[in-house]
């Protein structure tokens, strides 16, 4: 498989993964391009023992973290106290910008593999079968890990809602 084909096949997956990490389309596009530049430079080091998508996601994640260090973006920014909602519906949390920020902040500190599995499923829109392949595990493992991550986020949103007197 030549590099043009790799780019064509996996650009969208890498972009969606980075959009989930960065929560911004412009940043995700920029870092996706940088990811493929780095991948092209390092293609000789890819030994084929892993799925190429997992290799690209690793490069993308490292490129994003490098970008964050350069931009001095830290996860310890103060949360806004003007968040509303009497009942939390998990899927609606991503619609509200402030709630989405809270979820992304929690995701940033979430333990692996929950963080990455959740990001791949929600932001990367990957099926459990592909997520399992990336980790070298079964689709059932990916499904259970995703639902455990989702449960952690829901509990976090409920606790922070109680602390702010919003629930």
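Read-outs throughout are calculated quantities, based only on the coordinates presented, and are distinct from any laboratory measurement. These numbers come from a predicted model, not from an experiment. Cβ: placed from backbone, ideal geometry, glycine included. Neighbour counts: every protein chain shown.
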For the stretch 1-57, convex hull of alpha carbons as volume per residue, Å³: 72
Contour excess over end-to-end distance, with Cα ends at residue 155 and residue 47 and 0.36 nm allotted per residue: 34.8 nm
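Take each of the peptides 101-110, 3-12, 135-144, average the number of other beta-carbon atoms within 10 Å over its residues, and list them starting from the highest. List each step's numbers first, then the result.
Details: 101-110: 17.5, 3-12: 13.2, 135-144: 15.0.
Put in order of decreasing packing, that is 101-110, 135-144, 3-12.
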Length released on extending from residue 3 to residue 40, taking residue separation times 0.36 nm less the Cα-Cα span: 12.6 nm
Packing rank of 153-160, 25-32, 113-120, where each peptide gets the mean count of other beta carbons within 10 Å, highest leading: 113-120, 25-32, 153-160
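Expressed in nm to one decimal, what extension gain is obtained for the pair residue 11 and residue 144 from 0.36 nm per residue of sequence separation less their Cα-Cα distance? Mind showing how you got there, number by number?
Values: separation 133, 0.36 × 133 = 47.88 nm, distance 2.72 nm.
Gain on stretching residue 11 to residue 144: 45.2 nm.
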